[in-house]
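As structure tokens, the structure follows; a few thoughts come after it.
The values are calculated or read from the model by the stated rules, or taken from the named source; none is laboratory data. What you are looking at is a predicted structure, and each value in this text was computed from that prediction instead of being measured. Don't worry about glycine lacking a Cβ; one is built from the backbone with ideal geometry, like all the others, and counts go over all protein chains shown. These accessible areas exclude ligands, DNA and RNA; they are computed on the full protein's heavy atoms, side chains included. Shrake-Rupley method; radii C 1.70, N 1.55, O 1.52, S 1.80 Å.
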Amino acid sequence: MTAPRDIPNDLIESLKSLGLTRYEALVYIGLLRATGATATEIHETSGVPRASVYPVLDRLVQKELVSVSHTTPKRFDAVPPGQGIENLMRRIEDDAESARSALERLYREKRPEARGNQEPIWTIYGEENIRARLSDMFLGAERRVEMLVARDLLVEHVLALLGPVPESVQVDIITDTWEGEQPSRFRIHAHPPGAHQKPHTSPGKGLRYESSGIFLVDDVRALVWMGSSGEQPSALYSESTGLVQFVRRYLTSIMEWVGATGQ
């Protein structure tokens with residue numbers, strides 16, 4: 001069927017993108033032009049087949065776009081557009097959150113054997129994607145979270161992700177500088193760039209923080225965040241024994257040096 005000629009097709013398509021069918025969009029638009037319309041009147045003004053009008057109206061009532069009277073015959077009114085769009089957006093957000101939760105459960109139920117004998121190292125691009133992976137790592141922590149991270153990166157992005165970490169999980173943070181009171185839940189070690197150098201190392205060869213970080217959770221999940229000013233950050237993530245052991249050894253050497261120097 002075709003819509004009434006004075007209804008822009010772009011408007012119908014926009015409403016379809018918000019979860020309405022074509023018939024639902026036509027009926028809702030028709031009701032915005034009428035007050036207390038009957039099903040027969042809606043059929044005449046919207047062009048929707050008579051047999052489809054009542055099922056469409058029932059769905060629009062469920063979607064909180066239409067109100068119905070308790071008279072005989074029943075009469076229908078459209079919810080004002082501002083409230084109607086808000087109702088549609090809320091349904092979309094609720095559906096998206098339900099889908100996200102279900103997908104997260106499926107993701108967390110993955111078994112290591114599903115990967116076979118491969119131990120891939122993943123490259124992650126973009127700040128939001130890296131933050132999402134870090135958040136997943138922290139939420140799954142059972143014993144310990146360790147990191148060597150630039151202070152700006154720590155303050156702007158990482159600390160907020162540590163909030164949901166269980167109290168029983170030990171969190172050790174090495175960063176280039178820290179001023180003021182430390183969060184009571186975490187152990188923060190101030191460690192300026194190059195401070196871990198041993199006497200035989202060359203000047204200027206110490207760690208360069210920039211906007212980088214190294215993260216290890218429970219000695220089974222490792223992430224290396226790489227980036228500098230003006231560039232899109234990227235990260236390497238893996239649960240492979242090779243990368244995890246490398247990060248483990250590196251963090252251990254830095255932590256021992258921090259302890260040895262009393263910082």
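For THR177, the conditions (1) hydroxyl-bearing (Ser, Thr, Tyr); (2) modelled with pLDDT under 85; (3) part of a helix (DSSP H, G or I) are fulfilled apart from (3).
Quickly run through the stretch 140-170 and pick out the residues that are open to solvent by 40 Å² or more (accessible area, probe 1.4 Å) and farther than 20 Å from ARG248 by Cα. Spell out how you get there, then give the answer.
Here is the first cut: in the stretch 140-170, the ones open to solvent by 40 Å² or more (accessible area, probe 1.4 Å) are 142-144, 151-152, 155-156, 159-160, 163-164, 166-168, 170.
Passing the criteria: ARG151, ASP152, VAL155, GLU156, LEU159, ALA160, GLY163, PRO164, PRO166, GLU167, SER168.
Yes/no matrix, rows are residues, columns are (1) exposed (fewer than 12 other Cβ atoms within 10 Å of the Cβ); (2) farther than 26 Å from LYS16 by Cα; (3) touching a strand residue (DSSP E or B) at 6+ places or on another chain (Cβ under 7 Å); (4) free of Cβ contacts under 8 Å to residues at least 60 places away in the same chain:
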site: VAL68; (1), (2), (3), (4): no, no, yes, yes
site: THR71; (1), (2), (3), (4): yes, yes, no, yes
site: ASP77; (1), (2), (3), (4): no, no, yes, yes
site: PRO81; (1), (2), (3), (4): no, no, no, yes
site: ILE85; (1), (2), (3), (4): no, no, no, no
site: ILE92; (1), (2), (3), (4): no, no, no, no
site: ALA96; (1), (2), (3), (4): yes, no, no, yes
site: LEU103; (1), (2), (3), (4): yes, no, no, yes
site: GLU109; (1), (2), (3), (4): yes, yes, no, yes
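Hey, can you tell me all the residues within the stretch 53-63 that are surrounded by fewer than 17 Cβ atoms within 10 Å (Cβ to Cβ) and touching a residue at least 24 places away in the same chain (Cβ under 8 Å)?
Our first condition is that a residue be surrounded by fewer than 17 Cβ atoms within 10 Å (Cβ to Cβ); within the stretch 53-63, this holds for 54-55, 58-59, 61-62.
The one that is surrounded by fewer than 17 Cβ atoms within 10 Å (Cβ to Cβ) and touching a residue at least 24 places away in the same chain (Cβ under 8 Å): ARG59.
Applying a threshold of 9 Å to beta carbon distances and a minimum spacing of six or more residues, or different chains, the list of pairs starting in the stretch 9-28 at a residue that is farther than 16 Å from VAL61 by Cα and without any contact (Cβ under 8 Å) to a residue 24 or more places away in the chain and ending at one that is acidic (Asp, Glu) and open to solvent by less than 70 Å² (accessible area, probe 1.4 Å) reads LYS16/GLU24.
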